[in-house]
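Chemist: This structure is in structure tokens; I'll ask about it shortly.
Where a number appears in this text, it was derived from the coordinates with a stated rule and is not lab data. Keep in mind that this is a model prediction, so the values were computed, not measured. Cβ sites come from the backbone with ideal geometry, for glycine too, and all protein chains shown count toward neighbours.
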Amino acid sequence: MSGIVICMQDFHRGGTERVAIDLARLWTDAGRAVTILCGSVAGGLRDIVDPRVRVVALDPPVRRGFLSRVALARGMAARIAGLKPDAIFLPGNYHLFLANALRRAVPDAAIVLKISNPPVPANLAAPIFRVFTRGVSGFAAMNAGLARDVSAIVPGRRVAALYDPVHVAPAAAPLRQGGMLNILWIGRLEPQKDAGLALDVVRALGASAHLTMLGDGAQAAEIDRRIAQEKLPVTRLGHVADIAPHLAGADALLITSRYEGGPAVAVEALAQGVPVVSTDCSHLLREVMTVPEAGQIVPSRDPVVLAAALRGVERPSAEKLRALVVRFEPRACAKAYLDFFDGLAHDA
């Protein structure tokens, strides 16, 4: 197999899009021809695409909006055959509605849907999920627990646990300031991430803690208003290009999400020797946080309980936590995907 087409709405600054762009480069490194077919080039991440990766945008463009995926499916189905793909990669749940239209357009291509978040609520989503993924050849779940969930929804279908690549720089020397608990929160300011809970947690911690928030989104104004009105010890910096310096100054990473497929920021934190305190939002966290020094997964969303977990963290040696995340080495992750694509094509 050689030709891979990644179908995505746009270059939105999200984890799903960043990973897809990264995989495109890694698959190109491995000798595959990779094309990104997109609804538009909007979103801010177009400039980080490897120049060897071809980008084809629909004309007229299809921008994000209500029912935009209907137009996206129609437009991509009209273009996909001309790209002659051996494999089509749909990089997240957002794109599952494209599968059936693409299958009709290219009956012989292997179509892989990455499961980036649990289908929720599972009991209601299962019938809809099965209908809209009939054209999918195989499902790439972000971790083993998510793979089990998907297998239960689509029994008898091909499902593999395939991890996202995470590029980990050497651990920086800690820049912590004594006497203050420095907490880092990273994510889009959207309901799924529940940034408001992070503010509740830092309020519960009191004056001995400071929270740095990295990220932007629809709730930015609301979060900024709460920080100012409640005079919280919070610094919100918006989107940053490199989180490593902020991890170096953190005692802990706080994750407050309602659900996640696999939060890459947790992997990056552990690789830097920074423990993680998180809501119970992802199977992946249970897979990697297997030693007490890694932090704590808190089953409660009570900010007081989360605050107590943060008070209990200790920053161990980076080497001990780094060993927990070796499975996310980028080239190995990219090869696992290619092996899955090739296996699907062989079985077709």
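Chemist: Looking at segment 166-271, what % of its DSSP beta bridges pair antiparallel, to the nearest 5?
Modeler: 0 percent
Chemist: Thinking of the chain as a set of Cα atoms, what percent of all their pairs are more than 40 Å apart?
Modeler: I get 14 percent for the Cα pairs in the chain exceeding 40 Å.
Chemist: Then there's this: For a quick check: with amide H placed at 1.01 Å from N, whose amide H comes under 5 Å from Ile36's, ignoring anything fewer than 5 positions away on the same chain?
Modeler: Answer set, sorted by chain and number: Ile6, Arg54, Val55, Val56.
Chemist: Same structure again: Working out 0.36 nm times the residue gap between Ala144 and Gln192, then minus their Cα-Cα distance, what length gain in nm do you get to one decimal?
Modeler: 15.1 nm
Chemist: Let me ask another. Which ³J(HN,Hα) values, rounded to whole Hz and listed in residue order, are derived for segment 53-62 from phi using the Karplus coefficients 6.51, -1.76 and 1.60 in 6.51 cos²θ - 1.76 cosθ + 1.60 with θ = phi - 60°, glycine and proline given as x?
Modeler: Calculated HN-Hα couplings, in order: 8, 6, 10, 10, 9, 5, 9, x, x, 10 Hz.
Chemist: Still on this structure: Quick one: what does P(r) look like for segment 181-326 with 5 Å bins over all Cα pairs, in whole %?
Modeler: Pair shares across the bins are 2, 10, 22, 25, 23, 13, 4, 1, 0.
Chemist: When only C-alpha pairs under 8 Å and at least 6 residues apart count, what is the relative contact order of segment 1-55, in percent?
Modeler: For segment 1-55, the relative contact order is 47 percent.
Chemist: Can you figure out the FRET efficiency of Arg315 with Phe132, using R₀ = 30 Å and their beta-carbon distance, to the nearest 0.05?
Modeler: 0.10
Chemist: In deg cm²/dmol and to the nearest 500, what is the mean residue ellipticity at 222 nm of the chain if only DSSP H runs of at least 4 residues count, each as -39500 (n - 2.57), divided by the residue total?
Modeler: Calculated at 222 nm, the ellipticity per residue is -10500 deg cm²/dmol.
Chemist: Now for a different question. So how far apart, in nm, are the two label points at Glu222 and Phe66 if each is 7 Å from Cα heading toward Cβ?
Modeler: 1.9 nm
Chemist: Full extension from Arg157 to Ala323: what is 0.36 nm times the residue separation minus their Cα-Cα distance, to one decimal in nm?
Modeler: In short, 56.5 nm is gained.
Chemist: From the phi angles alone, apply the Karplus equation (6.51, -1.76, 1.60; θ = phi - 60°) to segment 33-39 and give each ³J(HN,Hα) in whole Hz, x where the residue is Gly or Pro.
Modeler: 8, 10, 10, 9, 9, 10, x
Chemist: Through the Karplus equation 6.51 cos²θ - 1.76 cosθ + 1.60, θ set to phi - 60°, convert the phi angles of segment 241-250 into ³J(HN,Hα) values in whole Hz; use x for Gly and Pro.
Modeler: After applying 6.51 cos²θ - 1.76 cosθ + 1.60, I find 6, 9, 8, 4, x, 6, 5, 4, x, 9 Hz.
Chemist: If you don't mind, there's one more thing I want to ask. Hey, which aspartates and glutamates would be in cross-link range of Lys114, C-alpha to C-alpha under 20 Å, not counting anything within fewer than 8 residues on its own chain?
Modeler: Filter leaves Asp10, Glu17, Asp22, Asp86, Asp149, Asp164, Glu260, Glu287, Glu329, Asp339, Asp342, Asp347.
Chemist: Also, quick follow-up: Pull up all non-local amide H partners of Asp216: gap of 5 or more, or a different chain, and H-to-H distance under 5 Å with H placed in the peptide plane.
Modeler: Amide H neighbours of Asp216: Leu189, His239.
Chemist: Also, I was wondering about something else. How much FRET efficiency would the formula 1/(1 + (r/R0)^6) give for Val304 and Ala78, where r is the Cβ-Cβ distance and R0 is 51 Å, rounded to 0.05?
Modeler: That pair, Val304 with Ala78, gives E of 0.40.
Chemist: If the chain between Asp50 and Thr235 were fully stretched, how many nm would it gain, using 0.36 nm times the residue separation less the Cα-Cα distance?
Modeler: Roughly 63.3 nm would be gained on extension.
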